[in-house]
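Undergrad: Please see the structure below; I have some questions.
The values are calculated or read from the model by the stated rules, or taken from the named source; none is laboratory data. All figures in this text were calculated on a predicted structure; none of them were measured in a lab. Here the Cβ is made from the backbone with ideal geometry for all residues, glycine too, and neighbour counts use every protein chain on show.
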Amino acid sequence: GGPVRWPPRSPGLNLCDFYLWGHLKSFVYKRPVNIVHELRQRITNGFENIRENPEVLQRVRNSLERRLRACIHAEGGHFEH
């Protein structure tokens, strides 16, 4: 018995890994970035885009629910997503 160690960088239920970074990366790098100021502005705009589009957050919520159900079904073990 006792707690089971969670593997480092396990993306199964981590919103940042399974959604945020990929979405931001595709938003930020649609076109090449040549200066740091522009990169920062695109990152800021990417977060604003997420905040201003509730349908995006609804898709994330639905995906998280599916992953949570899969995790429960696998009794906390490995599951495909």
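Residues checked against (1) over 20 Å from Leu20 (Cα atoms); (2) of a type outside the set (Lys, Arg); (3) in contact (Cβ under 8 Å) with a residue 40 or more places away in the chain; (4) surrounded by 11 or more Cβ atoms within 10 Å (Cβ to Cβ):
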site: His37; (1), (2), (3), (4): yes, yes, no, no
site: Gln41; (1), (2), (3), (4): no, yes, no, yes
site: Asn45; (1), (2), (3), (4): no, yes, no, yes
site: Asn49; (1), (2), (3), (4): no, yes, no, yes
site: Val56; (1), (2), (3), (4): no, yes, no, yes
site: Glu65; (1), (2), (3), (4): no, yes, no, no
site: Ile72; (1), (2), (3), (4): yes, yes, no, no
site: Gly77; (1), (2), (3), (4): yes, yes, no, no
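Undergrad: Being farther than 16 Å from Asn14 by Cβ and in contact with a His (Cβ under 6 Å, 6 or more places away or on another chain) is the filter here, so list the residues in segment 56-76 that pass it.
TA: None - no residue of segment 56-76 is farther than 16 Å from Asn14 by Cβ and in contact with a His (Cβ under 6 Å, 6 or more places away or on another chain), so the list stays empty.
Undergrad: Checking Arg31 against (1) modelled with pLDDT of 90 or more; (2) more than 18 Å from Cys16 (Cα to Cα); (3) assigned to a helix (DSSP H, G or I), only one condition comes out false. Which one?
TA: (3)
Undergrad: Which condition breaks for Leu13 when tested against (1) assigned to a helix (DSSP H, G or I); (2) within 13 Å of the chain's Cα centre (by Cα)?
TA: (1)
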